[in-house]
Structures are given as C-alpha cells and as structure tokens.
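**Student:** Take this structure, written in structure tokens, and hold onto it; I'll ask about it next.
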Amino acid sequence: MEKITPWIINATTAKELIEAGATILDVRSRISWGFGHAINARCVNWQEFSQKTLPNKGKLLDNAQVLEQLLRQINISNNNPVIVVGNPTNPLHFGEEGRIVWMLRTLGHCQAAFVDGGQQALVKAGVALEMWGTKPQQIGDFRINRTTTWETSAHQLQSRLNHSQNLIIIDSREAREYAGATPYGEKRGGHIPSAVHFYFKELLQPNGYLLSSEQIDYKLKLVGIEKDSDQEIITYCTGGIRSAFLVAVLVSLGYTNVKNYAGSMWEWSQAENYSYPLVN
C-alpha cells in the first residue's frame, strides 16, 4: 500500500485508504463512536497510551514493551496506514486526533494521519458507517522505533531558556490559562517565560476544517513565527494534547524543527519556580 507522508489528509484521500485496508482510530467519545463510525474503526483515547499520575500524565508510557503491545492490540502495523478521526466542532475538542498522530509518528510510524474536518468530513465523503461494531478485531505487529524529531523534555526546554535567539515557545492553551488560570490541576499558573500565546483552535474554521495554509501562515507570522527560518519551535499546553495538534499542523504545512513538550504544564508546574519558572 502506498505510504502516507502528510500528517493531515482530506476525507477523499482517507476514504480511499480506508477502502484499501487502512487501520482507523476514532478519538471521539465512546457514545459518539457507538452511534456511527467508519466500519472497523477502533475507539481510542490518548490516556490509554500515557502515564496515569501527575506530574507525568501528559507523557507517553515509559515502558516501550507495554506501549508496543497496546498499539498492536488496536491493529497498528508499521507498514499499514493509520487514519485518525476526531470531532473538531465539539466544544470539548482538545486536538486528540493530533495527539495520536504525533504519538505514532514519534514512535516511528511514518504513515499516520488525521482527517481534516473529522467524522463529519468522512460522512460527507461517503465513508460507510456501522454502529457499535462487534466483529473480531485484527492484531497488528507494530515495532517502536522512537525518534526525538518532534518531542522535547522539561530538562531540554529548561536548559534552552534565555540561551537561544532562535527558539520560539508556543503556549497553545486558552488565553485565561496563559494568564494564570489553572482549570486542569496544574500546581502553579502562568506561562513559560518568553512563550507566545497561540490558542490551537485558531487553526480551525467554525465548521471544523483547518484554515487555508495562507491563513495559518499569516496568523503565525503575527506572533513571530516564520515558516522559512531557522527557528526552533517548541509547543506546550497542559498535557501535550493541544500542543501535539499544533505540531501536526505545523509539520504538515512545512514548518521545520517543531517539537511538542508532552509533559507540559502538568509536569512543569510541579517543579520549583526557581528552576522551572512561570510568569503571568
């Protein structure tokens, strides 16, 4: 099967890949999934593959063998495309589809992509649906080959503060969080020093589809982010979900040297302020 190189694809391309046997992951709620999903789509959430307790809830499971087995159980194989479907018009959308694609790419899967426009786009494209699927599910043979190309750690980010002219840090949370609100269990509020604010939903149209590449480039340029530059871009949010969505979009649009800090505020805010500072 032909490899996917983009991290984001349109529904027509997704339909072709699904009909050719791609694995489908649906990150919507189980109720939404149950009342209509692409045939054989697995209902998953990002928490299944992440650590369970603070301050590490945003980080992927640290046991590679366990993580590999979990991915095999949902029919992930290195040589078969993975199509991820979300619901970007849901007010509670946190970019989960971007997180799953970022995770798979980081673990070495080079054929993972999410559908622009999500489930509604698939429906419009004529993808066949089923309810509450009960068919036997295949097992994959995925092997992890982790790359650091699109991820960074708290220590790596902390060591870069005030020591790089080419570093752009993007806070992809809501404005209230950037200003100090702590709605999701953060120990301290505020934002990482020098971080610019760019809420991840600014990438989306009201109908859930991404803005055009020109519109996104323009919005990013307003906060100092240039596509054709040697800038290193690091994104973060609360637990690396919204920021992973932003990474997926930036990589798809041709931005280079883009990394997600998965630990994000859950991890950073648990540390002492003198080493891991936050400002309001």
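**Student:** If residue 67 satisfies every condition in (1) under 19 Å from residue 248 (Cα atoms); (2) touching a helix residue (DSSP H, G or I) at 6+ places or on another chain (Cβ under 8 Å) but one, which is the exception?
**Tutor:** (1)
**Student:** Which one is surrounded by the most Cβ atoms within 10 Å (Cβ to Cβ) among residues in region 5-33 that are closer than 19 Å to residue 133 by Cα and of a type in the set (Val, Ile, Thr)?
**Tutor:** By that ranking, first place goes to 27.
**Student:** Please state which of the following conditions residue 50 fails to meet, knowing it meets all the rest: (1) under 12 Å from residue 113 (Cβ atoms); (2) touching a Lys or Arg at 6+ places or on another chain (Cβ under 9 Å); (3) of a type in the set (Gly, Ala, Ser).
**Tutor:** Checking residue 50 against (1) under 12 Å from residue 113 (Cβ atoms); (2) touching a Lys or Arg at 6+ places or on another chain (Cβ under 9 Å); (3) of a type in the set (Gly, Ala, Ser), the one that fails is (1).
**Student:** Can we say residue 279 is within 13 Å of the chain's Cα centre (by Cα) and touching a residue at least 12 places away in the same chain (Cβ under 8 Å)?
**Tutor:** Considered against the rule, which asks whether it is within 13 Å of the chain's Cα centre (by Cα) and touching a residue at least 12 places away in the same chain (Cβ under 8 Å), residue 279 comes out as no.
**Student:** Hey, which of the helices (runs of 4 or more DSSP H) in region 187-280, taking only ones fully inside, have at least 3 residues that are surrounded by fewer than 16 Cβ atoms within 10 Å (Cβ to Cβ)?
**Tutor:** 213-222
**Student:** Here's something else I'd like to know. Run residue 126 past the list (1) in the same structural domain as residue 253 (by TED's automatic domain parsing); (2) surrounded by fewer than 14 Cβ atoms within 10 Å (Cβ to Cβ); (3) at positive phi; (4) of a type outside the set (A, V, I, L, M, F, W, C) and report the number of the one that doesn't hold.
**Tutor:** (1)
**Student:** If I go through region 181-218 residue by residue, how many of them are among the polar types (S, T, N, Q) and under 17 Å from the mean Cα position of the chain (by Cα)?
**Tutor:** 0
**Student:** Quick test of your reading of the structure: residue 170 fulfils all but one of (1) within 20 Å of the chain's Cα centre (by Cα); (2) assigned to a helix (DSSP H, G or I); (3) assigned by TED's automatic domain parsing to the domain that holds residue 210. Name the failing condition by number.
**Tutor:** Condition not satisfied by residue 170: (2).
**Student:** With (1) more than 16 Å from the chain's Cα centre (by Cα); (2) without any contact (Cβ under 8 Å) to a residue 24 or more places away in the chain as the list, and residue 92 as the residue in question, which single condition is left unmet?
**Tutor:** Of everything listed in (1) more than 16 Å from the chain's Cα centre (by Cα); (2) without any contact (Cβ under 8 Å) to a residue 24 or more places away in the chain, residue 92 misses just condition (1).
**Student:** Could you go through region 180-199 and let me know if any residue there is at pLDDT below 95 and of a type in the set (Phe, Trp, Tyr).
**Tutor:** No: region 180-199 contains no residue that is at pLDDT below 95 and of a type in the set (Phe, Trp, Tyr).
**Student:** Go through region 62-100 and report how many residues are β-branched (Val, Ile, Thr), out of contact with any His (no Cβ under 8 Å at 6 or more places or on another chain) and not in a loop (DSSP other than H, G, I, E, B).
**Tutor:** Qualifying residue count for the region: 4.
**Student:** Looking only at region 45-86, which residues are of a type in the set (Val, Ile, Thr) and surrounded by 20 or more Cβ atoms within 10 Å (Cβ to Cβ)?
**Tutor:** Across region 45-86, the qualifying residues are 74, 76, 82, 83, 84, 85.
**Student:** In region 61-101, which residues are within 23 Å of residue 5 (Cβ to Cβ) and among the aliphatic types (A, V, I, L, M)?
**Tutor:** Selection gives 71, 74, 76, 82, 83, 84, 85, 100, 101.
**Student:** Follow-up. Among the residues in region 102-116, are any of a type in the set (A, V, I, L, M) and in a helix (DSSP H, G or I)?
**Tutor:** Yes, region 102-116 contains a residue that is of a type in the set (A, V, I, L, M) and in a helix (DSSP H, G or I).
The values are calculated or read from the model by the stated rules, or taken from the named source; none is laboratory data. This one's a predicted model, so the numbers in the text were calculated from it and none came from an experiment. Note: ideal-geometry Cβ built from the backbone for every residue, glycine included; neighbour counts use all protein chains shown.
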